[in-house]
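The next block holds one structure in the form of structure tokens; read it before the comments.
The values are calculated or read from the model by the stated rules, or taken from the named source; none is laboratory data. Note that the coordinates shown come from a computational prediction; the quantities given were computed from them, not determined experimentally. Every residue, glycine as well, gets a Cβ built from its backbone with ideal geometry; the counts of neighbours run over all protein chains shown.
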Amino acid sequence: MSHHFLEVNDLYYSYPDGTEALKGVSLRLEHGEAVGLVGANGAGKSTLLLAVAGLVFSGSGTVNIGGAILSKKTLGEIRRRLGFIFQDPEDQLFMPTVFDDVAFGPLNQGLSAGEVSFRVEEALRSVGAGHLSDRPAYRLSGGEKRAVSIAAVLSMLPDILLMDEPSSGLDPRNRRMLIGLLGDFTHTRLIATHDLDLVLDVCPRTIVLHRGEIAADGHTEEIFRDEGLLERCSLEPPLCMQGVRS
């Protein structure tokens, strides 16, 4: 059996003030699937990603990553299988140079210097950022920071990628580059975003969250053509589909 699947069963989570953020969420991603996670502000998208990654612990329910059930005891194993790409790349870039940032994870996995260098070179090459290796992160553009933050996750060879608003703050050129990059990945991918055009380009399947519950889960184009569903969930069709009728 593949270790690249993600299964969430009946997941609940409440904020410290008692507000319910997730209300019985269940989903499954198979090996290699690219799935968009969409919803209005406050729908629970980021909270769901944080719960899957073990950055917050749910009140009840289970998260299964390739046969490993998330718990405080299994957190190390889970994080070796999952790569989490935060909305703000600066949350991940804190070392003196790009090389150091991308090497941070492999070094903490106990790899040799040669193995670390190979991982860094391959990860930066895969995102088209090999030429940035010696640059300090604060000197990079927004698109370059995004590419390096992805490389920092890829260098740890995760089975599954969780992405929170990966296109946030990117100009049109860097956004197009990101879409091409995400489309080329073979990882299992769960992408939480407001960018429905990106989802249409990258994700054959989409899950709609609404007030902490799954409102729909299915083929991306079918979901984005369901005007009633989008209206109920305070969403609008992707720009490229606006004005188009099924």
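Would you confirm, using the coordinates I've provided, whether residue 125 is over 16 Å from residue 45 (Cα atoms), free of Cβ contacts under 8 Å to residues at least 12 places away in the same chain and surrounded by fewer than 20 Cβ atoms within 10 Å (Cβ to Cβ)?
Numbers: over 16 Å from residue 45 (Cα atoms): yes; free of Cβ contacts under 8 Å to residues at least 12 places away in the same chain: yes; surrounded by fewer than 20 Cβ atoms within 10 Å (Cβ to Cβ): yes.
Judged against the criteria, residue 125 is a match.
Quickly run through segment 192-246 and pick out the residues that are assigned to a loop (DSSP other than H, G, I, E, B), among the small types (Gly, Ala, Ser) and more than 22 Å from residue 167 (Cβ to Cβ).
Within segment 192-246, the subset assigned to a loop (DSSP other than H, G, I, E, B) is 193-195, 203-204, 211-212, 225-226, 233-238, 242-246.
From what is left, the residues that are among the small types (Gly, Ala, Ser) are 212, 234, 243, 246.
Passing the criteria: 212, 243, 246.
Can you name the condition, by its number, that residue 79 falls short on among (1) touching a helix residue (DSSP H, G or I) at 6+ places or on another chain (Cβ under 8 Å); (2) surrounded by 16 or more Cβ atoms within 10 Å (Cβ to Cβ); (3) not hydrophobic (A, V, I, L, M, F, W, C)?
(1)
Is at least one residue of segment 227-238 surrounded by fewer than 18 Cβ atoms within 10 Å (Cβ to Cβ), within 27 Å of residue 102 (Cα to Cα), among the polar types (S, T, N, Q) and outside the structural domain of residue 125 (by TED's automatic domain parsing)? Break it down into steps so the answer makes sense when it comes.
Initial filter on segment 227-238 (surrounded by fewer than 18 Cβ atoms within 10 Å (Cβ to Cβ)): 227-229, 231-232, 234, 236.
With the extra rule that they be within 27 Å of residue 102 (Cα to Cα), the set shrinks to none.
Within segment 227-238, not a single residue is surrounded by fewer than 18 Cβ atoms within 10 Å (Cβ to Cβ), within 27 Å of residue 102 (Cα to Cα), among the polar types (S, T, N, Q) and outside the structural domain of residue 125 (by TED's automatic domain parsing).
For the condition on the phi > 0 side of the Ramachandran plot and in contact (Cβ under 8 Å) with a residue 12 or more places away in the chain, what is the one hit in 182, 140, 157? Working first, answer last.
Numbers: 182 fails: on the phi > 0 side of the Ramachandran plot; 140 fails: on the phi > 0 side of the Ramachandran plot.
Every option except 157 fails the conditions.
Please verify whether residue 133 is within 22 Å of residue 185 (Cβ to Cβ), of a type in the set (Ser, Thr, Tyr) and more than 16 Å from the chain's Cα centre (by Cα), treating the condition exactly as stated.
Working: within 22 Å of residue 185 (Cβ to Cβ): yes; of a type in the set (Ser, Thr, Tyr): yes; more than 16 Å from the chain's Cα centre (by Cα): yes.
Yes.
Test residue 220 against the criterion of being in contact with a Cys (Cβ under 7 Å, 6 or more places away or on another chain), surrounded by fewer than 23 Cβ atoms within 10 Å (Cβ to Cβ), under 18 Å from residue 33 (Cα atoms) and not hydrophobic (A, V, I, L, M, F, W, C), and give yes or no. Break it down stepwise before answering.
Working: in contact with a Cys (Cβ under 7 Å, 6 or more places away or on another chain): yes; surrounded by fewer than 23 Cβ atoms within 10 Å (Cβ to Cβ): yes; under 18 Å from residue 33 (Cα atoms): yes; not hydrophobic (A, V, I, L, M, F, W, C): yes.
Considered against the rule, which asks whether it is in contact with a Cys (Cβ under 7 Å, 6 or more places away or on another chain), surrounded by fewer than 23 Cβ atoms within 10 Å (Cβ to Cβ), under 18 Å from residue 33 (Cα atoms) and not hydrophobic (A, V, I, L, M, F, W, C), residue 220 comes out as yes.
Considering each residue of segment 58-74, count those that are under 16 Å from residue 162 (Cβ atoms) and modelled with pLDDT under 90, and give that number. I'd like the intermediate steps shown before the answer.
If we filter segment 58-74 for residues that are under 16 Å from residue 162 (Cβ atoms), which is where we start, we get 58, 63-66, 68, 70.
If we keep only those that are modelled with pLDDT under 90 too, we end up with 58.
Qualifying residue count, segment 58-74: 1.
Kindly establish whether residue 157 is buried (at least 23 other Cβ atoms within 10 Å of the Cβ), closer than 28 Å to residue 7 by Cα and not small (Gly, Ala, Ser). Give the steps one after another, and end with the answer.
Working: buried (at least 23 other Cβ atoms within 10 Å of the Cβ): no; closer than 28 Å to residue 7 by Cα: yes; not small (Gly, Ala, Ser): yes.
So residue 157 does not fit the description; no.
Sort out which residues of segment 1-31 are out of contact with any helix residue (DSSP H, G or I) (no Cβ under 8 Å at 6 or more places or on another chain) and hydrophobic (A, V, I, L, M, F, W, C), and write them in order of number.
Correct list: 1, 5, 27, 29.
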